[in-house]
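Take a look at the structure set out below.
The values are calculated or read from the model by the stated rules, or taken from the named source; none is laboratory data. Values in this document were obtained by computation on a predicted structure and should not be read as measured data. Please note: Cβ atoms are built from the backbone with ideal geometry, for glycine as well, and neighbour counts cover all protein chains shown. Accessible surface areas use protein heavy atoms only, side chains included; no ligands, DNA or RNA. Shrake-Rupley method; radii C 1.70, N 1.55, O 1.52, S 1.80 Å.
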Amino acid sequence: MDYKVKDIELADQGELLIEWASAHMPVLSQIRSRFEEERPLEGLRIGACLHATKETAVLVRTLETGGAQVVLCGSNPLSTQDEVVSALARTKTPVYAWRGQTTDEYYWCINKVIDHKPIVTMDDGADLVGTIHSRRTEAIEDVKGGSEETTTGVIRLRAMEADGALRYPIIAVNDAYTKYMFDNRYGTGQSTIDGILRATAVMLAGKTFVVCGYGWCARGVAIRARGMGANVVVTEVNPLRALEAIMDGFRVMPLMDAAPLGDIFVTSTGDINVIDRKHMKLMKSGAILANAGHFNVEINIPALDEMSASKRRMRRSLDEYQLKDGRKLYLLAEGRLVNLAAAEGHPSEVMDMSFGDQALVAEYLWKSEKLEAKVYEVPEEIDATVASLKLKGMGIEIDELTDEQRRYLTSWKEGTI
Ligand SMILES: NC(=O)c1ccc[n+]([C@@H]2O[C@H](COP(=O)([O-])OP(=O)(O)OC[C@H]3O[C@@H](n4cnc5c(N)ncnc54)[C@H](O)[C@@H]3O)[C@@H](O)[C@H]2O)c1
């Protein structure tokens, strides 16, 4: 039995979820059709540490159709969809994932993936690469390269490269246009609101909604919260992004000023202790706190625990902290990324592009000559292919440059007429 999931009996429901996701993922469908004919991944073993969602299952099956053997574990203790991994296990994908893991269980699953001797690693947050480079270095000799799905993972991997610690090449899938401009912005935007609503069912219209950060993810959250009628305040540390938020029509101020105003706080920065004790001291009773960044460090939860006299679970993904001073604060999804832990993660349509990149990057790594141990950008052709496949899947055609326009755009001779 090469799997560990919560309940294999959930597999029928999981199959339906995968079928539903697949119907909204035309890029992967088109790649799968080609993979079926060409079998370009024959002989490749892929170790994947990704949020184990219905969309990830569609990616896994696409890679398997291309001839790869894939072994999967989750990339967060709270983001696995138990039905989906049961369906994968039943169709003989080795999978080690369930929702609600302890830290030890989480790393046990990562180690099971490494036991399968991956040739290509696929990470979301760099915990698989991190484990291979620290505690399982014997696995490095089998690995040809890897890919990284998220901003925080890319930051960690670039830090490894700068330290001279990175021992194999990584392609930063996060940094493809077809990934961050859509997944981080529209995906996180919609699914974070989805997570907050599933956890709380509160009305957003009329609420003061504080968004910490104005990067790709946070701006998506800010735009969608405004669309729901919330009064959105943005906090930033980067002057350019703060300016962009102002010009986009948001109020911008330090979090110390926003803390007493906010009804709902969402952080998505990739940074630590963004919402800290000093901010929580100023918040109104009833304020709701959520994180949409990769790790559960953006809200200082140990400080919140210390400030509290008691804590109770009100409903799934909603914990009430009764503070010693009488106020109540509400933390969603234990401070883990709210869109995956309290909802289902990004919509399939957007994961279609991110995972289209992942599938083509796996093929690229498998076919490429040996690359140096560095962090690489996604090749431009892959980005362009994914964008074209997506448009095709949506039934949208666009114009083409004429020969005259192509010449004009590459010449310096014509100016003011
Ligand atoms: N929830 C999801 O599904 C999901 C999806 C993609 C990425 N992510 C994660 O979300 C996080 C943000 O990713 P991104 O692509 O938006 O990154 P980004 O680099 O585009 O943006 C991060 C922003 O946060 C700002 N920031 C940093 N520290 C801050 C602080 N103390 N206060 C206010 N702002 C601060 C930075 O100046 C920057 O503008 C990362 O951890 C990433 O891995 C989550």
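Tabulated data for the structure shown
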read-out: Residue match in the range 357-370 (condition: without any contact (Cβ under 8 Å) to a residue 24 or more places away in the chain, closer than 30 Å to Arg34 by Cα and open to solvent by 10 Å² or more (accessible area, probe 1.4 Å)); value: yes
read-out: Residue in the range 284-292 that is within 8 Å of the ligand (Cβ to nearest atom), at pLDDT 95 or above and not in a strand (DSSP E or B) present; value: yes
read-out: Residue match in the range 303-316 (condition: of a type in the set (Ser, Thr, Tyr), modelled with pLDDT of 95 or more, open to solvent by less than 50 Å² (accessible area, probe 1.4 Å) and under 25 Å from Met203 (Cα atoms)); value: no
read-out: Test result for Ala23, under 23 Å from the mean Cα position of the chain (by Cα) and closer than 22 Å to Asn111 by Cβ; value: no
read-out: Residue identified as farther than 30 Å from Leu243 by Cβ and not in a loop (DSSP other than H, G, I, E, B) among Leu166, Leu128; value: Leu128
read-out: Matching entry among Ala225, Ala199, Ala205, Ala218 (being assigned to a loop (DSSP other than H, G, I, E, B) and either over 26 Å from Met353 (Cα atoms) or open to solvent by less than 10 Å² (accessible area, probe 1.4 Å) (or both)); value: Ala205
read-out: Identity of the residue in the range 371-387, assigned to a helix (DSSP H, G or I) and touching a residue at least 40 places away in the same chain (Cβ under 8 Å), that ends up nearest to Arg32 (Cα to Cα); value: Val386
read-out: The range 185-216, residues that are of a type in the set (Gly, Ala, Ser), more than 11 Å from the ligand (Cβ to nearest atom) and on the phi < 0 side of the Ramachandran plot; value: Ala199, Ala205
read-out: Qualifying position, being at pLDDT 95 or above and over 27 Å from Gly195 (Cβ atoms), among Pro77, Pro94; value: Pro94
read-out: Selection count, the range 131-157, where residues are open to solvent by 30 Å² or more (accessible area, probe 1.4 Å) and within 12 Å of the ligand (Cβ to nearest atom); value: 3
read-out: Given (1) under 30 Å from Leu332 (Cβ atoms); (2) within 21 Å of the chain's Cα centre (by Cα), index of the condition Tyr177 fails; value: (1)
read-out: Qualifying position, being of a type outside the set (Lys, Arg), open to solvent by less than 40 Å² (accessible area, probe 1.4 Å) and within 15 Å of the ligand (Cβ to nearest atom), among Ala97, Ala172; value: Ala172
read-out: Condition broken by Glu320, with the remaining ones in (1) on the phi > 0 side of the Ramachandran plot; (2) without any contact (Cβ under 8 Å) to a residue 40 or more places away in the chain satisfied; value: (1)
read-out: Flag for Lys374 being out of contact with any Pro (no Cβ under 7 Å at 6 or more places or on another chain) and not β-branched (Val, Ile, Thr); value: no
read-out: Residue match in the range 239-262 (condition: farther than 30 Å from Glu380 by Cα, touching a residue at least 40 places away in the same chain (Cβ under 8 Å) and near the ligand (Cβ under 9 Å from one of its atoms)); value: yes
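One line per residue, one yes/no per condition, for (1) basic (Lys, Arg); (2) in a strand (DSSP E or B); (3) under 28 Å from Thr385 (Cβ atoms); (4) open to solvent by less than 20 Å² (accessible area, probe 1.4 Å):
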site: Lys6; (1), (2), (3), (4): yes, no, no, no
site: Ser33; (1), (2), (3), (4): no, no, yes, no
site: Glu37; (1), (2), (3), (4): no, no, yes, no
site: Gly47; (1), (2), (3), (4): no, yes, yes, yes
site: Glu55; (1), (2), (3), (4): no, no, yes, yes
site: Val70; (1), (2), (3), (4): no, yes, yes, yes
site: Pro77; (1), (2), (3), (4): no, no, no, yes
site: Thr80; (1), (2), (3), (4): no, no, no, yes
site: Leu88; (1), (2), (3), (4): no, no, yes, yes
